[in-house]
1. Where in region 191-208 does the amide nitrogen come within less than 19 Å of the point 7 Å from the Cα of His170, taken along Cα to Cβ?
2. Out of Leu102, Leu91, Gly158, whose Cα points farthest toward the positive end of the dipole of region 58-207 (charges: +1 Lys, Arg; -1 Asp, Glu; placed on Cβ)?
3. Go through region 65-80 residue by residue and turn each phi into a ³J(HN,Hα) via Karplus (6.51, -1.76, 1.60, θ = phi - 60°); whole Hz please, and just put x for glycine and proline.
4. Once every Cα of region 58-207 carries one equal point scatterer and solvent is ignored, give the base-10 log of I(q)/I(0) from the Debye formula at q = 0.08, 0.11, 0.15, 0.21 Å⁻¹, two decimals.
5. Neighbour counts of other C-beta atoms within 10 Å: give me Ser164, Ser193 arranged from fewest to most.
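Please treat every number below as a calculation from the coordinates, not as lab data. These numbers were taken from a predicted model, which means no experiment stands behind them. We place every Cβ from the backbone using ideal geometry, glycine too, and count neighbours over all the protein chains shown.
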Amino acid sequence: MPRYRVEILLPALLLNFLNTMKENISVPFYVKLACLSLSILAFLPIAAQGGFGPSFSLKNSTCKATDIFVATEGDKIDGELRVVDVWKGDLLPNDEVTVPELGFYINDWSRTVTQFGSEFGPPTVADGKWAVLFLIRDENTPLLPDRNTKSLEWLSTGMAMIDSFAWIDHNSTYAIMGGHNPGSMSLIDLKISETEMRGQVRDLLKSGCNIEAKE
């Protein structure tokens, strides 16, 4: 199985679980409270060490990834993707891949873009249908001659899968960025288009990752 940091992945799983069952009155309150407590405890190792949560870095993701590709989940956000364009690696358009972590973002609140200063206004919600993924192919699941790409397993290029992709929405790009407080994360408008991101990825790969990308 892919290797993810438990203290990052567990809170996402628990929060998604709590959200999906919040309207289910058959779930006892003490169960919900226990799950919330566990999610808080899961973040304590980061805070205690003064560390920070996952944060997207275009340069880091580009230079570490074995595969970079644009893919779509279509109208159902479930982690089942169809490859549309390949920027690095040997996947092909229309290949199917599975990244279960993207299924965590089924709810609009999890895709709401953080606003700063003069940006305050109606909230922007990334639709979550299209993304650029920067992934490391698990060497234990090679691509076989039958090209069953759905059987491939993927590792993140950072601390967790949530900092290894950027959403595309109307040619704007959005990614998870770490905040100033330990463990804090926000969805940020990267202020570059998909076309500009592709150009920066191309330049980084050509240079052997010896130039700086716009973050």
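1. Zone members listed by number: 191-197.
2. Towards the positive end, the residue furthest out is Gly158.
3. With coefficients 6.51, -1.76 and 1.60, one gets 6, 8, 9, 10, 7, 8, 9, 10, 8, x, 7, 10, 8, 9, x, 9 Hz.
4. Debye intensities relative to I(0), on a log10 scale: -0.22, -0.41, -0.77, -1.48.
5. Details: Ser164 29, Ser193 14.
Neighbour counts put them in this order, fewest first: Ser193, Ser164.
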